[in-house]
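The values are calculated or read from the model by the stated rules, or taken from the named source; none is laboratory data. All figures in this text were calculated on a predicted structure; none of them were measured in a lab. Because the Cβ atoms are built from the backbone with ideal geometry, glycine has one as well, and the counts that use them run over all protein chains shown. Protein only, heavy atoms only, side chains kept; ligands, DNA and RNA dropped before computing areas. Shrake-Rupley method; radii C 1.70, N 1.55, O 1.52, S 1.80 Å.
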Amino acid sequence: MEEPKQSPFALNKGRVLILALGALIVVIALSTWFGGINAYQSLREANAEATTATQEQTAQ
């Protein structure tokens with residue numbers, strides 16, 4: 001008895017691994033594109049300084 005042909009779009013272990021690695025590469029590329037964690041920290045510091053300056057101006 002012959003086994004039925006597998007669909008070309010069926011997910012097997014190899015294809016799942018390739019998809020997972022591709023998703024990981026996309027995440028790494030996006031984080032590099034946006035500057036990584038250092039840029040995020042810089043944005044938080046700039047926001048804190050701007051908020052402090054605004055509160056000081058309104059207090060005067």
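What whole-number value in Å² describes the accessible area per residue of the chain for a 1.4 Å probe? Don't skip to the answer; put the middle values down first.
Working: 5980 Å² over 60 residues.
Per residue, the chain has an accessible area of 100 Å².
Quick check: at a probe of 1.4 Å, how many percent of the accessible area of the chain sits on carbon and sulfur atoms? C and S fraction of accessible area: 65 percent.
Ranking V27, T51, Q41 by how far each Cα lies toward the positive end of the dipole of the chain (charges on Cβ) leaves V27 at the top. Each peptide in 9-16, 38-45 gets a packing score, the mean of other Cβ atoms within 10 Å over its residues, and the list from highest to lowest is 38-45, 9-16. Dipole check for the chain: with +1 at the C-beta of Lys and Arg, -1 at the C-beta of Asp and Glu, and the Cα centre as origin, the magnitude is about 300 Debye.
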